[in-house]
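Following: one structure in structure tokens, then a few remarks.
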Amino acid sequence: MASSIGSSVFRWNIAPPRPKVHRELHTPTKVRLPIIRFRLKNDLELEKIVKEAGLKASDRRVLYDSEIADVGVRDFMERRKEFAKSVDGPPRWFSPMECGRPPPDVPLLLYLPGIDTIGLGLFLHHQQLGKIFEVWCLHIPILDRTPFEALVKFVEKTVRLENSSAPRRPVYLVGDSFGGCLALSVAARNPDVDIVLLLANPMTSFSRSWMQCLLPFSELIPGELKLPNDYLLSFLVGDLSWLLTTVLDPSYAQQIPVDGLAKDFLMWRLKMLRAASSYANARLHAVKSEGLVLASGKDQFLPSREEADRLCSILSRCRFRYFKDSGHSIFLDDDINLVSTIKSAGLYRRSRKLDYVSDFLPPTLNEFRRAYEPYRWIDHATSPVMLSKLESGKIVRSLDGIPLEGPVLLVGYHMLFGWEVSPLVREFLMKGILIRGIAHPFMFEKRTEKVMLDETRFDPFRALGAVPVSATGLFKLLSQNSHVLLYPGGVREALHRKGEEYKLFWPEQSEFVRMAARFGAAIVPFAAVGEDDLCELLLDYDDLVRIPTVKYLIDELNRDLTKLRTAAVGELGQQALHVPVLMPKIPGRMYYLFGKPIETKGREELLRDRKSTHLMYLHVKSEVEKNISYLLQKRKYDPYRTLPSRVLYQAIHGPTSEVPTFSL
């Protein structure tokens, strides 16, 4: 039923049945990007590269940010004027028009609002959310006095109806501040329903907030007192100083059509917050849902960081993300992208179990830039040389020898700490290919975030499509004609000992050859050289375990960790994660050589004959070793192997010029 108020900007849903829609999701499973033949040099932005490439929107295979209309908090306040006219009536759901028609077979996302209860807290995110969710927002009019438990039952009814109509799809509850208590309460009452919680500065810490102190003095407030607009805005938005000084000019703030805040409204909201916090905290033990807690570092209302730690210690399936520069209303921060946060945390799924292949959403330009930025120094410091072999066997300085169409399996040597990955991914992206890496399960486990100094350390890898190592994951990637990056040496190769540079630690099994043959994938053996020009290994694993305290920390880190190579013995089976001690060097140069593709299409004997499979496996391994030897030998003749020589060359020819290398 459409409302006469603001009907141009939202749709009311009094009853909760899902509407039938027919628009297809514009996030195809194929993740090959349009060809962009540019190199990232210095501080050139990806947006500029795409603009210069003259790409058309219809050619894009990623969720480019340029497809999203630019909106800000000023637009939010304008939209809020429409909702301010609706002050009476029962709680209700509305579907923002900015979200568009929901695509088929996507999860339902229910937004449960914060202190203001208007329901526009996700305004800046509506367009992006509408691409991957069906979005409903809860609106509680200002004059409504529905008790908290009745609100819980109202949301619960919607959740149960959705679960009965689509039992295989999860229901996302985005609880903002007060809405966090509402989301937790619903999840606690429905442990049998597949619910994903997204809690932004939840009000479960109300008892430790300065707002709690207002209750004893609320009776002393004169009944006829009405607070001015500034106090109302502070109470509703959560960060008045940021809102008025950073976004709104004083003249605009004067135009906001809000009457004074009456005493009864203030007392009702405070009592509602106290009731919500008590109700949710008493039922935390019953919450079984997975989720994510978003905590602000500059929350003027709540101790949100401490509360996030407390909730994650109680809720076994919840993680947290910390935004140190955000205020209480975290979703009104221009620097926060909710869709990217959900994707990077590995929480977006369309069924009961997360599938890292079928549920993958291609990255936006901003997501790639955030993932690449921490490793940009590797490109600047080492000026990587990318070589490949053509069908004729000729070596060229480009990736022209790599097949553009998948499935392709890139099999190679893993440098120390995997430093070769960032330039490799960037170079393939510039060629129009997004490669999917097979990664250690450690990057995807919740306990990993507890031992890392930065809980978002591995978020960029998930955003760019990394998949936990497994035969099933490799099978699905190749079945989708992907370009897959595989390191048979794994952690043992990436965390090698002293004197083991450029030594392969591949297992005896050759299953990836059989998998490639099943889909007719081309196997591209490649080598990466240059780690010894970046650092010197001072203390390796053997040295560290001789120190009792360090040995204990390593054992704790690897306790209950997903075990790989359980059948391997000796040095091939040692996959203990640790952090070796390094001494940096003046950066040398990194070199890559991608060998001639080895075709498996039409070679059915690889599927039937284990001997043929093993011979192919040994052939791939020998090609990687030959490529390593070639690069180690040829780099001696590179006149620009040292950093000073490269700096001098670019000082003469320009900072974006391509630095030459040895003759091919």
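Bear in mind that the values in this text are calculations on the coordinates, not laboratory data. All values derive from a computational prediction rather than experimental measurement. Every residue, glycine as well, gets a Cβ built from its backbone with ideal geometry; the counts of neighbours run over all protein chains shown.
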TODO: State which entries of LYS476/LYS585; LYS81/LYS298; LYS601/LYS621; LYS503/LYS551; LYS389/LYS601 exceed 29 angstrom in Cα-Cα distance in the structure shown.
DONE: LYS476/LYS585
Open item on the list: Whole-Hz ³J(HN,Hα) for each residue in the range 379-392, computed from phi via Karplus 6.51 cos²θ - 1.76 cosθ + 1.60 with θ = phi - 60°, x for glycine and proline: what do you get?
Closed with: 5, 5, 7, 10, 6, x, 9, 9, 10, 8, 9, 7, 4, 6
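Averaging over every viewing direction, what projected area does the convex hull of the Cα atoms of the range 579-625 cover, in nm²? Please list the in-between numbers first.
On the way: hull surface 24.0 nm².
Value for the range 579-625: 6.0 nm².
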Open item on the list: For the ranges 612-621, 482-491, what's the packing order if you count other beta-carbon atoms within 10 Å of each residue, average per peptide, and put the highest first?
Closed with: 482-491, 612-621
Open item on the list: Under the rule of at least 5 residues apart or a separate chain, name every residue whose amide H is placed under 5 Å from the amide H of TYR413.
Closed with: PHE526, ALA528
Task: Karplus 3J(HN,Hα) series, Hz, for the range 506-514 with 6.51 cos²θ - 1.76 cosθ + 1.60 (x for Gly, Pro) - done: 8, x, 6, 5, 10, 5, 5, 5, 5
- [ ] Name the residues whose placed amide hydrogens come within less than 5 Å of the amide hydrogen of VAL196, ignoring near sequence neighbours (fewer than 5 apart) on the same chain.
- [x] VAL171, TYR172, LEU173
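Return the tail of the calculated pair distribution for the range 447-519, meaning the percent of Cα-Cα pairs more than 18 Å apart.
Values: 1485 of 2628 pairs.
Looking at the range 447-519, the distances longer than 18 Å represent 57 percent of pairs.
Which loop GluC sites (Glu not before Pro) in the range 577-664, with loop taken from DSSP, have no more than 10 other Cβ atoms within 10 angstrom of their Cβ? Can you show the working numbers first?
Numbers: sites: GLU599, GLU604, GLU605, GLU623, GLU625, GLU658; in loops: GLU604, GLU658.
Passing both the DSSP loop test and the Cβ count: no residue.
What order do you get for 327-335, 649-657 when each peptide is scored by the mean count of other beta carbon atoms within 10 Å, highest first?
Details: 327-335: 20.6, 649-657: 12.3.
Ranked from most to least packed, the peptides come out as 327-335, 649-657.
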TODO: Quick one, can you get me the convex hull of the C-alpha atoms of the range 363-478 expressed as volume per residue in Å³?
DONE: 130
Task: Rh (Kirkwood; distinct C-alpha pairs) - the range 322-365, Å - done: 12.1
Task: Kirkwood hydrodynamic radius of the range 264-317, from inverse mean 1/r over distinct Cα pairs, in Å - done: 12.8
Open item on the list: What are the ³J(HN,Hα) couplings of the range 321-331, residue after residue, when phi is run through the Karplus curve with 6.51, -1.76, 1.60 and θ = phi - 60°? Round to Hz, x for glycine and proline.
Closed with: 10, 10, 10, 5, 9, 9, x, 4, 7, 5, 7
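Can you give me the Rg/Rh ratio for the range 287-386, using Cα atoms for both radii and the Kirkwood formula for Rh? Before the final figure, lay out the partial values.
Numbers: Rg = 16.8 Å, Rh = 16.0 Å.
With Rg and the Kirkwood Rh in hand, the quotient comes to 1.05.
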Task: Cut-off under 5 Å, modelled amide H: who pairs with ARG319 long-range - done: GLY291, LEU292, VAL293
